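The values are calculated or read from the model by the stated rules, or taken from the named source; none is laboratory data. As the structure is a prediction and not an experimental result, all values here were calculated from the model. Here Cβ is always computed from backbone atoms with ideal geometry, including for glycine, and neighbour counts include all displayed protein chains. Remember, those area values only see protein heavy atoms, side chains included, never the ligands or the DNA or RNA. Shrake-Rupley method; radii C 1.70, N 1.55, O 1.52, S 1.80 Å.
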Amino acid sequence: MNLKIKGLSSLLLILCISLTNAVSQDRLAEDILEKLSNTTKACTSISIEFEYLFRNKNAGINEKSSGRLELKENNFRIEMPKQLIINNGSTHWIYLKEMDEVTIMDYDPEDEDAMNPNKLFTIYNEDYKNTYVQASSVNGERMHIIDLFPKKSSSIIKIRLTINSLKSQINILELYDKNGGTYTYNIKDFKTNLEIAPFTFDTTKYTHVEVIDLR
């Protein structure tokens with residue numbers, strides 16, 4: 001009987017320690033995400049150079065590219081070798097360079113499925129569950145790895161953030177979709193508080209561009 005009691009006590013102790021550690025890790029993740037969000041919101045503008053990788057083993061896809069992201073308030077510009085995306089908070093432009101075609105559409109910032117990179121840098125909110133994975137080192141700098149899981153059904157089932165501990169900046173961003181695809185953004189250069197060109201697509205600068213206006 002005593003052995004059973006001791007065994008039960010040991011099990012309860014282990015469960016209590018595990019629960020305490022889990023709560024502590026959750027709080028650590030929340031603190032890191034809140035600091036990341038506050039640091040980003042304090043910037044008047046952000047310019048990021050990134051390397052982009054898309055992999056899907058099931059579909060045999062392994063793509064690599066690079067690009068630049070500019071953010072200011074709710075506006076953003078993403079430029080990659082084959083496309084240019086511009087958003088001024090109310091209008092969304094997608095320019096396909098090889099086709100010389102631009103699609104223009106209205107943009108609703110309240111739409112949960114609407115793409116806005118700002119959401120990824122201020123993702124500390126009640127829409128995601130977070131899990132602290134581990135601390136690691138990248139090029140001699142301490143990083144925190146945190147997984148985010150959307151509470152509502154979404155095409156993205158997990159987001160993994162690798163966050164620079166000292167700078168409170170995202171170093172690696174990974175998105176996992178429900179079809180087995182992984183989108184990885186390795187941030188190569190991160191600058192803040194720069195002068196940035198207006199967020200609009202000037203069709204007069206593109207002589208033969210085909211305009212598809214869906215507004």
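Could you list, in sequence order, all residues of region 156-165 that are open to solvent by 50 Å² or more (accessible area, probe 1.4 Å) and among the aliphatic types (A, V, I, L, M)? The answer is ILE157, and nothing else. When region 166-188 is limited to residues that are open to solvent by less than 40 Å² (accessible area, probe 1.4 Å) and among the polar types (S, T, N, Q), the one that is modelled with the lowest pLDDT turns out to be SER168. Is there a residue in region 167-190 that is assigned to a helix (DSSP H, G or I) and among the polar types (S, T, N, Q)? The answer is no; no qualifying residue exists.
Counting only residues that are in a strand (DSSP E or B) and either surrounded by fewer than 17 Cβ atoms within 10 Å (Cβ to Cβ) or of a type outside the set (S, T, N, Q) (or both), region 84-110 holds 15 of them. Residue count for region 138-155, restricted to those that are surrounded by 15 or more Cβ atoms within 10 Å (Cβ to Cβ) and within 23 Å of LEU69 (Cα to Cα): 6. The set of residues in region 54-71 that are touching a residue at least 12 places away in the same chain (Cβ under 8 Å), open to solvent by 20 Å² or more (accessible area, probe 1.4 Å) and part of a strand (DSSP E or B) comprises PHE54, ARG55, ILE61, LYS64, SER65, SER66, ARG68, GLU70.
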